[in-house]
Amino acid sequence: MIGAEHGYYPADPIAAYNCDFLIDLLHDFFSSKNYEGPVFAATDAERQALCAPWMKAWSKYLGFMDEFVSSGKKFLVGDSITIADFWVGKFYTDMFANDLYPFKKERAMLMGMHPNFKNYGERFKAEMRPYLDTRAPKPA
């Protein structure tokens, strides 16, 4: 509702469906056992043991997203930002464009495997630059 009131929710029904779908997909993924929550509480040695399943799970999600964002649209469902971009783009900036997040080598590997998603994330980051430059960094 707030997104629609401020111009961030598509009027086109298919675009609106895709917007909702992408938010729900990310929410489902974070609600599953694949969520990286245990990574934050782990010691450095424990993080290494968590790395393989973490990479497998994220690669599956990013593989889908990489294909989805290869459609030639500037953002997820069109050429302007929607509420889906705020969710998925935030995921990119917090996790893949944040040097405080663990698994730096693995994150770089995932972005190398999913260049369309990385390009999307960088477009989102550029669009949100005024906000991102003034917010406090997210700790890992």
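Could you tell me how many of the residues in segment 1-12 are in a helix (DSSP H, G or I) and either modelled with pLDDT of 95 or more or under 13 Å from Ile81 (Cα atoms) (or both)? Give the steps one after another, and end with the answer.
In the first step, residues of segment 1-12 are kept if they are in a helix (DSSP H, G or I); the result is 2-5.
Checking the rest, the ones that are also either modelled with pLDDT of 95 or more or under 13 Å from Ile81 (Cα atoms) (or both) come to 3-4.
Adding up the residues that qualify gives 2.
Quick check on my filter: what residues within segment 53-93 are at pLDDT below 85 and of a type in the set (D, E, K, R)?
Answer for segment 53-93, where residues must be at pLDDT below 85 and of a type in the set (D, E, K, R): just Lys56.
Go through segment 61-128 and tell me which helices (runs of 4 or more DSSP H), entirely inside it, have 1 or more residues that are closer than 15 Å to Ile23 by Cβ and not charged (D, E, K, R).
Output list reads 83-91, 115-127.
Tell me which residues, restricted to segment 61-93, are charged (D, E, K, R) and out of contact with any helix residue (DSSP H, G or I) (no Cβ under 8 Å at 6 or more places or on another chain). Working first, answer last.
Residues of segment 61-93 that are charged (D, E, K, R), as a first pass: 66-67, 73-74, 79, 85, 90.
Within segment 61-93, Lys73, Asp79, Lys90 meet the criteria.
Residue by residue through segment 53-105, note down the ones that are hydroxyl-bearing (Ser, Thr, Tyr) and either within 12 Å of the chain's Cα centre (by Cα) or farther than 29 Å from Ile2 by Cα (or both). Break it down stepwise before answering.
Step one: of segment 53-105, the residues hydroxyl-bearing (Ser, Thr, Tyr) are 59, 61, 70-71, 80, 82, 92-93, 101.
Correct list: Ser59, Tyr61, Tyr92, Thr93, Tyr101.
The values are calculated or read from the model by the stated rules, or taken from the named source; none is laboratory data. Just so we're clear, the structure is a prediction, and the values are computed from it rather than from any experiment. Glycine also receives a Cβ, built like all others from the backbone with ideal geometry; neighbour counts cover every protein chain displayed.
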